[in-house]
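Below you'll find the structure, written out as structure tokens, and then a few comments.
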Amino acid sequence: MGVIVEAKGLTKQFYCGEVTVNALNGVDFTIDEGELIVILGPSGSGKSTMVNIIGGIDMLTQGELYYNGMPLHGLNRNKLTEYRRDHIGFIFQFYNLMPNLTALENVDLAGQLSANPLNSMELISKVGLKGKEDNYPSQMSGGQQQRVAIARAICKNPDLLLCDEPTGALDIRTGVEILDLLMEFNREYRKTVVIITHNADIAQIADRTFYFRDGKIEKIVKNSHPLKTSEVNW
């Protein structure tokens with residue numbers, strides 16, 4: 001498998017009045033196609049900033065970023081929007097579902113943005129919500145809403161799925177079930193998945209773990225034998 005994401009000297013600065021905040025400070029890494037990457041680090045270490053830049057939400061200040069060899073640095077916001085639409089799926093800690101749409105309609109909406117979507121009803125069933133497809137978000141638990149959010153992100157059939165604290169608002173049992181779904185997407189569809197988390201135990205299911213501190217990658221640890229969630233002592 002080839003490299004899907006490559007970063008060289010990734011730097012992001014924010015300006016608060018006369019104060020410059022270095023959210024990322026010269027980060028280098030590659031991510032291979034089909035990898036499951038976990039990103040660990042304290043709050044403010046640059047994890048979410050990095051993922052937002054990879055996903056085309058934020059623009060980098062300096063450095064080079066490539067997606068399948070295509071340079072993303074220097075793209076304007078319209079081109080970054082096209083890149084997000086065509087290649088990226090997002091899952092966040094808070095589900096961001098459309099409250100006036102049913103579960104199935106929320107998933108369908110994402111599929112309409114893709115040239116090669118997956119079957120939305122099949123995905124609803126795959127995430128364990130068969131029979132709930134006509135429910136609105138207000139009629140579902142947090143775990144069920146996160147399942148809809150996962151089905152919605154996967155429906156686009158993205159090459160790269162970016163997950164920012166996807167289990168952060170869930171209890172342990174439901175969180176493990178959500179991780180199972182993400183691992184299944186990674187293994188079954190052979191798609192690249194990146195998970196930001198504060199939970200160090202999740203690193204045990206990853207192919208590699210990036211440890212962030214102070215806007216830099218402190219170390220990258222390769223896991224020769226990633227565990228299944230059922231093998232992790234939560």
### Message
Consider segment 115-167. How many of its residues are in a loop (DSSP other than H, G, I, E, B), open to solvent by 40 Å² or more (accessible area, probe 1.4 Å) and touching a strand residue (DSSP E or B) at 6+ places or on another chain (Cβ under 9 Å)?
### Response
1
### Message
Can you pull out every residue in segment 89-114 that is within 11 Å of LYS156 (Cβ to Cβ), open to solvent by 40 Å² or more (accessible area, probe 1.4 Å), assigned to a loop (DSSP other than H, G, I, E, B) and in contact with a helix residue (DSSP H, G or I) (Cβ under 8 Å, 6 or more places away or on another chain)?
### Response
LEU113
### Task
Report whether or not ILE172 is farther than 21 Å from ILE4 by Cβ and either open to solvent by less than 40 Å² (accessible area, probe 1.4 Å) or in contact (Cβ under 8 Å) with a residue 40 or more places away in the chain (or both).
yes
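Listed here are the residues, each with its yes/no results for (1) in a strand (DSSP E or B); (2) among the hydrophobic types (A, V, I, L, M, F, W, C); (3) open to solvent by 60 Å² or more (accessible area, probe 1.4 Å); (4) closer than 17 Å to LEU161 by Cα.
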position	(1), (2), (3), (4)
ILE4	yes, yes, no, yes
THR11	yes, no, no, no
ASN22	yes, no, yes, no
ILE37	yes, yes, no, yes
PRO42	no, no, no, no
SER45	no, no, no, no
MET50	no, yes, no, yes
ILE53	no, yes, no, yes
TYR66	yes, no, no, yes
### Message
Scan segment 215-229 and tell me whether some residue there is open to solvent by less than 40 Å² (accessible area, probe 1.4 Å) and part of a helix (DSSP H, G or I).
### Response
yes
### Summary
Given the conditions (1) open to solvent by less than 40 Å² (accessible area, probe 1.4 Å); (2) farther than 20 Å from PHE185 by Cα; (3) assigned to a loop (DSSP other than H, G, I, E, B); (4) of a type in the set (Ser, Thr, Tyr), every one holds for TYR83 apart from (3)
### Task
Specify which of the listed residues (THR192, THR102) is modelled with pLDDT of 95 or more, β-branched (Val, Ile, Thr) and within 15 Å of ALA206 (Cα to Cα).
THR192
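The values are calculated or read from the model by the stated rules, or taken from the named source; none is laboratory data. No experiment lies behind these values; they were computed from the predicted model shown. Note: ideal-geometry Cβ built from the backbone for every residue, glycine included; neighbour counts use all protein chains shown. In case anyone asks, the SASA skips ligands and DNA or RNA and just uses the protein heavy atoms, side chains included. Shrake-Rupley method; radii C 1.70, N 1.55, O 1.52, S 1.80 Å.
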